[in-house]
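Read the structure below first, then the notes.
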Amino acid sequence: MTVQIALPADRLYGRLLATAAEHVLGGGPATRARVRSWDGTLAPLPLDRWVAPADAADAALLELAQPAVLDLGCGPGRHLAALRAAGKRGLGVDLSPVAVRLARRRGAAAIPGDVFGAVPFAGRWRTALLLDGNVGIGGAPETLLRRVRELLAPGGVALVEVEPPGAPTLRTRVRIEAGGEVSEWFRWARVGVDGIEPLADRAGLALDDVLEEGGRWVAQLLRR
């Protein structure tokens, strides 16, 4: 019987990102990966979209961002590159060294790090981004939003991507699966648009607006 060895999530994620980036440049096969939740549900991991340039929906959402912008869980930097092209200063933070390297290749400013660790210019950012489901980081969205509030300047705004109306807000564990490899299970959360306001309120943020763009839902949260 073959025993499947689970890899650290950041290692498998980094390897998949590198392969996806190579594919986008025409140098390899497409990467197929998915995320399995603790309850067995599966969802694709959209690596090709993350390593591709920002699309029209991204651009429309990023128009709302006032510099300086902090991108939390910036991944390979498509949002940062789009902000830079628009003349908006930004910094990305990501746990994955591969993601940071790919972001820097795009000309973006990005550093390896943890949102709950030391972040430069804490309390001075005008906009914080939690896009592509990154409100799930750590599996405790209220705690994460409290941290975002600490990072924002007074009157600053967090742009938080959430799931569509009717989607539940829950905490779970997930793992990455790709090509016979799996990651270790790690804590994650999903936040529906119907559940963001009470979380934000308890974190000291006020829901200002909810926007839909290209099938994506983003809450604008103001630091009180």
**Prompt:** Looking only at region 49-101, which residues are open to solvent by 20 Å² or more (accessible area, probe 1.4 Å), of a type outside the set (Lys, Arg) and either in a helix (DSSP H, G or I) or closer than 22 Å to residue 138 by Cα (or both)?
**Reply:** 50, 56, 59, 60, 73, 81, 82, 85, 91, 95, 97, 98
**Complete:** When every residue in region 17-48 that is out of contact with any helix residue (DSSP H, G or I) (no Cβ under 6 Å at 6 or more places or on another chain) and part of a helix (DSSP H, G or I) is compared, the one surrounded by the most Cβ atoms within 10 Å (Cβ to Cβ) is 19
**Asked** What residue, of 33, 65, is over 26 Å from residue 128 (Cα atoms), out of contact with any Asp or Glu (no Cβ under 6 Å at 6 or more places or on another chain) and in contact (Cβ under 8 Å) with a residue 60 or more places away in the chain?
**Response** 33
**Prompt:** So how many residues does region 10-24 have that are farther than 12 Å from residue 178 by Cα and aromatic (Phe, Trp, Tyr)?
**Reply:** 0
**Request:** Mind listing whichever residues of region 168-182 are in a strand (DSSP E or B) and open to solvent by 60 Å² or more (accessible area, probe 1.4 Å)?
**Result:** 170, 171, 173, 181
**Prompt:** Considering 202, 190, which residue is of a type outside the set (Asp, Glu), within 28 Å of residue 9 (Cα to Cα) and at pLDDT 95 or above?
**Reply:** 190
**Asked** In region 135-160, what residues are in contact with a strand residue (DSSP E or B) (Cβ under 7 Å, 6 or more places away or on another chain), buried (at least 21 other Cβ atoms within 10 Å of the Cβ) and either within 26 Å of residue 47 (Cβ to Cβ) or of a type in the set (D, E, K, R) (or both)?
**Response** 135, 136, 141, 148, 158, 159, 160
**Message:** Looking at region 135-160 only, could you name the residues that are within 16 Å of residue 193 (Cβ to Cβ) and in a strand (DSSP E or B)?
**Reply:** 158, 159, 160
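The values are calculated or read from the model by the stated rules, or taken from the named source; none is laboratory data. These numbers come from a predicted model, not from an experiment. All Cβ positions, even for glycine, are placed from backbone atoms using ideal geometry, and neighbour counts span all protein chains on display. Remember, those area values only see protein heavy atoms, side chains included, never the ligands or the DNA or RNA. Shrake-Rupley method; radii C 1.70, N 1.55, O 1.52, S 1.80 Å.
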